[in-house]
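The values are calculated or read from the model by the stated rules, or taken from the named source; none is laboratory data. Since this is a predicted model, take the numbers as computed values, not measurements. Cβ atoms come from the backbone with ideal geometry, glycine included; neighbour counts cover every protein chain shown. With ligands, DNA and RNA removed, areas are computed over all heavy atoms of the protein, side chains included. Shrake-Rupley method; radii C 1.70, N 1.55, O 1.52, S 1.80 Å.
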Amino acid sequence: MIPSTETELAKALMELGKLDPDSLDSALRDCQSSGDRLEQVLLKHSLISEEDLLQGVARAMHLPYRKLGDLKPDADAVRLVQPKVAEHYGIVPLELAGDVLTIASSDPHDMYMLDELRRVLELEIDLVVASKSEIEKAYNRLYGIGSAVMQHLNEESDIGGVQEAEINLSDNFDIDEMAADATIVKFVNQLIQEAMRDRATDIHVEPMDKELRIRYRIDGMLYEAPIPPAIKKYQAAIISRFKIMADLNIAERRLPQDGKIKIKMGDKEFDLRVATVPTPYGESVAIRILSRTSTLTTLERLGFSERHKSLMRQMIQKPYGIIFVTGPTGSGKSTTLYAALSEINSIDRKIITIEDPIEYRIPGTTQIQVNAAIDLTFARVLRSTLRLDPDVIMVGETRDPETAKITIATAMTGHLVFSTLHTNDASGAFTRLNDMGVDSFLIASSVEGVVAQRLVRVLCPVCRAKTAVDPDLLRQVNMTKDDPATVTLWKPVGCEQCRGTGYSGRTALHEMVKVNESVRRKIVANASASDIKATAIANGMEPIRFDGWAKIKTGMTTAEEVLRVTMEDEFNMDSGIELSSGSTG
């Protein structure tokens, strides 16, 4: 016999279109044989998502279901429900009207929770149903990450007779002991978990004069994490906790330190690379989050246009020579090299990489981590690598004259070499190598191609909206020949899915020089970067903003994003240099 409450749930899910009849019949049979509730069976067999199930539960119980992304905090309601109470019961206060408090919960069956709140708050409780993830996000927006932990610490301080004003960096209390306290441990864990949920690549813990600022880098942009103001007085303990996790010397606060933390979240493993530096207000900590279980990306997923993808594949199939990827820090250069290596990785090729740090493991290759502390530099490892009979070598970064010269010599002796450089565009790589002391004829003989790369944020597919074409933006991205009437542009709006930013994820813009005879002649003649660029464009190279414009027109990103990450180009469609459709090769 199916309980009436479950019959109501089944009916509600069918009316909402969340469950088909066959799946429902199978789940009901399982309920009868196992004795489990319908909700448990549906989730156990992944027949329905948590959100869809809760919508059905809300309908069956005649309760409203609400998305909390647009939640406007009611100060009176938030002040009434303390952080630790909200966290303990898994609720968030929505509104206080007279003697009625409206709360959101993901467990409307919890009558004990409702009775306790009525008793403690001496108010009537109205219930709204929301998903657990929505409630967690709303909690962090209303109270700040780790508010319940901070409240607990404050209460302990008051009980011990320590007043808030007395606790600061100069006080004589045991920072090390406090860093190991369960509440501090929990707070740091919550910071890391929240960063990972938000797809952050970095966490920045930055002491200021009167506050401790914590920021996450998401899709290349920094966002301030919502944290309680009281966190400042526990600054030293929080920073010490990070240092303990990274196996750093917590007694040394005057010198920079580097370390690593290995953690798991669910079935995923992560490396957290921790760097500390002293500042006038305490140590500043930067944490880079790297996934150890991420699968290697492919050229198809890196944003290469069909033309650029074809050129890239031509270059990486060469038997020898050098391919450089250029761009600023954080522009995805290493990811592009990993994708290229993954494509040519086969049983008949020996591939060796020299990196700092090793960000991803590539099966079937030999990867070497440089260590400047023991003089294990790029140049030194590169010399030793040649004795291992490699076919392909990746040098993480060509950052000094010695490495540049050895890399060039390696390519000249019949090896295919991949490396990165810090230059503003693809053509600047040749003059940069020349500045490092590499002879022009050696550059011309060894370099097969250069890829310049920038990352732009991708518009959120859920909330993006069409927008009018701004002729001035067309001019700025050098696309004045496009008829505005034929172009559809999109703008960011912001929704819960994208954390209100209007963007979700990133893609790459590319500029690619495949070295041919005319480009080689310019290199040998010590031509300027602009002269080399003009020659490359005459041979079919497209400046990076052209690739950006192509992605703007498909609705992938915005003109503002392209302008943000690229420099103004002196070559455009109105400059008299026509772009051919052919290859630069």
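R0 = 35 Å: FRET efficiency of A538 with A468, Cβ-based, nearest 0.05? Display every interim value, and only then the final one.
Values: r = 35 Å, r/R0 = 1.00.
The calculated FRET efficiency here is 0.50.
In straight Cα distance, which lysines are under 18 Å from K533, not counting same-chain residues fewer than 8 positions off?
K514, K522
At 0.36 nm per residue, minus the direct Cα-Cα distance, what do L16 and A182 gain on full extension? Give it in nm, one decimal, please. Show your work: numbers first, answer last.
Values: separation 166, 0.36 × 166 = 59.76 nm, distance 4.41 nm.
So the chain would gain 55.3 nm between L16 and A182.
Cut-off under 23 Å on the C-alpha distance; same-chain residues fewer than 8 positions from K262 excluded. Which lysines are left, in chain and number order?
K186, K243
Express the relative contact order of the chain as a whole percentage, based on alpha carbon pairs under 8 Å and six or more residues apart in sequence. Spell out each step's value before the answer.
Details: 998 pairs, mean separation 49.0, N = 585.
Value for the chain: 8 percent.
State the cysteines of the chain left without a partner when partners are defined as other cysteines whose beta carbon lies under 4.7 Å away.
C31
Modelled label-to-label distance, S26 and E122, 7 Å Cα→beta-carbon offset: nm?
5.4 nm
Alpha carbons only, please: Rg and Dmax for the range 388-438, in angstrom.
According to the Cα coordinates of the range 388-438, Rg and Dmax are 11.0, 34 Å.
So, R0 is 45 Å and r is the distance between the beta-carbons of S46 and H88; what FRET efficiency does that work out to, to 0.05? Intermediate values should be presented prior to the final figure.
Numbers: r = 29 Å, r/R0 = 0.65.
In this case the efficiency is close to 0.95.
Using only the heavy atoms of the protein chains and a 1.4 Å probe, how would T183, T554 rank by accessible area, largest first?
Values: T183 20, T554 90 Å².
My answer, sorted largest first, is T554, T183.
For the range 381-506, state the semi-axes of the equivalent ellipsoid (square roots of 5 times the eigenvalues of the alpha-carbon gyration tensor), sorted largest first and rounded to whole angstrom.
Equivalent-ellipsoid dimensions as semi-axes: 43, 20, 12 Å.
Can you sort Y143, Y223 by 1.4 Å-probe accessible area, starting with the largest? Write down the numbers at each step before the final one.
On the way: Y143 30, Y223 55 Å².
Most to least solvent-accessible, the answer reads Y223, Y143.
Once you place label points 7 Å from the Cα toward the Cβ at T329 and N345, how far apart are they in nm?
2.7 nm
Quote to one decimal, in nm, the extra length available between K491 and N189 on full extension: 0.36 nm per residue of separation minus the C-alpha distance between them.
Details: separation 302, 0.36 × 302 = 108.72 nm, distance 3.56 nm.
Full-extension gain reported as 105.2 nm.
Rounded to the nearest 500, what is the 222 nm mean residue ellipticity of the chain from helices alone, with -39500 (n - 2.57) per DSSP H run of 4+ residues and division by all residues?
Values: 23 runs with 225 residues, N = 585.
Taking each H run of at least 4 residues, the total per residue is -11000 deg cm²/dmol.
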